[in-house]
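For reference, the structure is listed below as structure tokens.
No lab work stands behind these numbers, since they all come straight from the coordinates. Quick caveat, the model's predicted, so the values are computed rather than measured. Every residue, glycine among them, receives a Cβ derived from its backbone with ideal geometry; neighbour counts consider all protein chains shown.
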Amino acid sequence: MQNCPRCGAPSQTLARFCGACGLFLPLPGEEGAPGRIADPRALQVPPSFQKCIDAADLYFNWESAWGDQPVLGTEPLAIRIFNRGYGLAAIELLIRVVDRTDACMVETQRLVDILRRGMTTTIELHSFELARPVGRVEVSLVSAEFDRSQA
């Protein structure tokens with residue numbers, strides 16, 4: 001027997017879905033942490049979004065907070081996070097911004113309270129945090145909890 005990582009209901013060890021909440025259950029030895037279990041009913045990812053590191057169903061894109069591609073390269077950035085899978089809460093993300101020479105300018109952790117299935121949220125990095133033009137942005141999942149209100 002194993003317990004569902006989202007709702008805690010007991011399930012047979014080789015069960016693929018929780019009988020109580022429907023969560024796709026990892027096999028023994030697979031990663032079962034919130035945010036790292038792929039939803040078999042995952043939604044389509046919007047164009048221009050790329051996968052977050054260490055996350056099964058979180059994707060992101062970035063642009064100038066003023067809209068479209070950065071013009072100056074040092075204006076505020078809007079980083080949009082999209083969840084195509086299971087609802088998550090208390091999501092801790094690591095955001096790295098590197099300049100055009102691959103030197104890290106910003107490494108910051110941000111917390112997102114809730115990100116339900118199909119929801120997008122925006123994290124803004126202020127211009128004073130960006131000393132040079134941005135080359136690329138990387139977003140990694142540090143930790144999360146399941147959104148139990150959606151279970």
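For Gly32, nonlocal amide neighbours, meaning residues 5 or more places apart or on other chains whose placed amide H falls under 5 Å from its own, do not occur.
In angstrom, the C-alpha Rg and Dmax of the chain are 17.3, 57.
For the stretch 96-151, the dipole from Cβ point charges (+1 on Lys and Arg, -1 on Asp and Glu) about the Cα centre works out to 160 debye, to the nearest 20. Computed from the Cβ-Cβ distance with R0 of 30 Å, the FRET efficiency linking Phe17 to Ser140 stands at 0.60.
The phi torsions of the stretch 135-141, fed into the Karplus equation with coefficients 6.51, -1.76 and 1.60 and a -60° offset, translate into couplings of x, 7, 10, 10, 10, 10, 7 Hz, rounded to whole numbers, with Gly and Pro shown as x.
Placing pseudo-labels 7 Å out from each Cα toward the beta carbon at Thr101 and Ile53 gives an inter-label distance of 2.1 nm. Which residues does a label at Thr122 reach in the stretch 29-65, if reach means a backbone N under 11 Å from a point 7 Å past the Cα toward the Cβ? Within reach of a label on Thr122: 63-65.
When peptides 42-54, 87-99, 112-124 are sorted by average Cβ neighbour count within 10 Å, with the highest value leading, the order is 87-99, 112-124, 42-54. Taking 4.7 Å between C-beta atoms as the pairing limit, the chain has these partnerless cysteines: Cys52, Cys104. Multiplying the residue separation of Leu94 and Asn3 by 0.36 nm and subtracting their alpha-carbon distance yields 29.9 nm. Across the chain, C-alpha contacts under 8 Å between residues 6 or more apart give a mean separation that, scaled by the residue count, equals a relative contact order of 23 percent.
Highest mobility in the GNM of the chain, judged by mean-square fluctuation with C-alpha springs under 10 Å and restricted to Leu130, Leu58, Leu77, is found for Leu130.
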